[in-house]
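Working notes for the structure below.
The values are calculated or read from the model by the stated rules, or taken from the named source; none is laboratory data. All of these numbers come straight from a predicted model, not from anything done at the bench. When we count neighbours, we look across all protein chains shown, and the Cβ atoms used for this are built from the backbone with ideal geometry, even at glycine. Areas reflect the complete protein model, heavy atoms only, side chains present, ligands, DNA and RNA absent. Shrake-Rupley method; radii C 1.70, N 1.55, O 1.52, S 1.80 Å.
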Amino acid sequence: MMTVRMHLLAMLALCSRPLLAQHAPPNVLERRIDSIAAAAGVEVGVSVRVLESGAHASVRGGERFPMASVFKIPLALYVLSRVERGELSLDTAYTLSASDMRLGVSTIAEHSPLGGVTLTLHQLLDSILIQSDNSAADALLRIIGGPAKPNAWLAAKKMRGIRIDRSEAELAFDSFGVTKPPPRAQWTLDSMRAAMRRVPAAAQERAVRRFERDPRDTSTPNALTLLLGGIARHRFVNAEHSEFVLHDLHVTTTRPGRLRGLLPPGTESGHKSGTTAASHSGYTAGVNDVGIITLPAGKGHLAIAVFVRARTKKMADIEPVIARIARAAYDWAS
């Protein structure tokens, strides 16, 4: 059986040459996506691109949606670009303190809530891409000097549809309506929880709705599929570092019921999920998944980005929507 590494090298080679393929018209898939979203009572933003043929379909593909943890893909690319320039090394070790620990998804914080854990840059990158670790993401943002630098790098790469503006801690404070967060040096798990508990429920509900409309830390679905295609063609970083990202997306352990949920057994795919924090009442601004799916019979590779404005819908109802859209796109492109 082809190993993940062999598969990725084959994908990179295939994406470097054109492949002529026949697909149904884009509006066939777009109507199907609209039907899936309408049946579920949700609003979606979707972009689908066959990397080799260039076939493209989208529904609200040019609208902005909160990225949530999907931002960890462009963050990883920027860090790796600094490695290529010799400004950072994958072997350098960093010790995380209590003020580096973050709420939400973080195996690092679960194991070392008071800090004191030492990880290499390589391990931090693996943590954000494979486990979607929030503590690792903010540690990387601290190491590179803040989100303004990857944001400017993306703009220079003509990826203006993607914005990285805030740290995981700042995103949490803003989405929960914390107007007076503790000093940055005191951003411990306990202090962040205490600040959030002080926000009245009504204020928190207003905050999460503002967060949904905030243009910061958003992407268009179309920009995300262009980014994924650029990784496959090592447009942003060299082949070695592109493979680093693609490998981690293939072995990720997060949210298997989204893009991968209804694909045929054995289908090769890599993905990165994202979920914004839910309010006290269960209001969620965004539930997302983006990735690259290998099509059958040598028909190429499908870059796909699905963003859902979940709002009051339960997660158990949202994830199957993403899975149905991914399967519809797979069938369309196959």
Q: Give the carbon-plus-sulfur fraction of the accessible surface of the chain in %, rounded to a whole number; probe 1.4 Å, heavy atoms of protein chains only.
A: 54
**Q.** Principal axes of segment 130-269: Cα extent on each, largest first, Å
**A.** 46, 37, 27
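With contacts defined as alpha carbon pairs under 8 Å and 6 or more residues apart, what's the relative contact order of the chain in percent?
RCO, the chain: 25 percent.
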Q) In terms of the Cα gyration tensor, with a ≥ b ≥ c the square roots of its eigenvalues, is segment 193-270 rounded because a/c is under 1.5, prolate because a/b exceeds b/c, or oblate? A) prolate
Q: Calculate for the chain the 222 nm mean residue ellipticity that helices alone would give, adding -39,500 (n - 2.57) per DSSP H run of length 4 or more and normalising by residue count, nearest 500 deg cm²/dmol.
A: -13500 deg cm²/dmol
**Q.** For segment 243-334, the fraction of alpha-carbon pairs in successive 5 Å shells from zero, as %
**A.** 3, 14, 25, 23, 17, 10, 6, 2, 1, 0
Q: Please list the non-local residues whose amide H lies under 5 Å from the amide H of S106, H modeled 1.01 Å from N, same-chain partners needing a gap of 5 or more.
A: N134
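What accessible area per residue comes out for the chain, rounded to a whole number of Å², with a 1.4 Å probe?
Numbers: 13700 Å² over 334 residues.
Per residue, the chain has an accessible area of 41 Å².
Enumerate by residue number the trypsin sites (Lys or Arg not before Pro) in segment 133-204 meeting two conditions: DSSP loop (anything except H, G, I, E, B), and at most 15 other Cβ atoms within 10 Å of the site's Cβ. Don't skip to the answer; put the middle values down first.
Details: sites: R142, K157, K158, R160, R163, R166, R184, R193, R197, R198; in loops: K157, K158, R160, R163, R166, R198.
Answer in residue order: K158, R160, R198.
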Q) When we measure straight from the Cα of K72, which aspartates and glutamates land under 18 angstrom away, once same-chain ones fewer than 8 places off are left out? A) D100, D126, D133, D138, D165, E168, E170, D217, E243, D248, D289
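For segment 165-212, what's the relative contact order in percent, using C-alpha pairs closer than 8 Å and at least 6 residues apart?
Values: 35 pairs, mean separation 23.4, N = 48.
Computed value for segment 165-212: 49 percent relative contact order.
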Q | Calculated from backbone phi, Karplus (6.51, -1.76, 1.60) coupling profile of segment 303-317 in Hz, x at Gly/Pro | A | 8, 9, 10, 10, 10, 10, 7, 6, 6, 8, 6, 7, 4, 5, 8
Q.
Using amide H atoms built in the peptide plane, which far-off residues or other-chain residues are under 5 Å from E43 H to H?
A. R309
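Starting from the Kirkwood Rh over alpha-carbon pairs, what translational D in µm² s⁻¹ does segment 32-187 have by Stokes-Einstein at 4 °C and 1.567 mPa s?
Details: Rh = 17.4 Å.
Estimated via Stokes-Einstein, D reaches 74 µm²/s.
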Q | Under Karplus coefficients 6.51, -1.76 and 1.60, residue-wise ³J(HN,Hα) of segment 136-153 in Hz, glycine/proline x | A | 5, 4, 5, 5, 5, 4, 5, 4, 8, x, x, x, 4, 6, x, 5, 5, 4
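Can you list, largest first and rounded to whole Å, the semi-axes you get for the chain by taking the square root of 5 times each eigenvalue of its Cα gyration tensor? Write out the running numbers ahead of the final one.
Working: eigenvalues 198, 124, 52 Å².
That gives 31, 25, 16 Å for the three semi-axes.
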**Q.** Coordinate range along principal axes, alpha carbons of segment 55-100, Å, largest first
**A.** 43, 30, 12
Q) So what are the ³J(HN,Hα) numbers for segment 323-332, from phi and the Karplus equation (6.51, -1.76, 1.60; θ = phi - 60°), rounded to whole Hz, Gly and Pro as x? A) 4, 5, 5, 4, 5, 4, 5, 4, 5, 4
Q | Amide H contacts of G177 (H built 1.01 Å from N, under 5 Å, at least 5 apart or other chain) | A | none
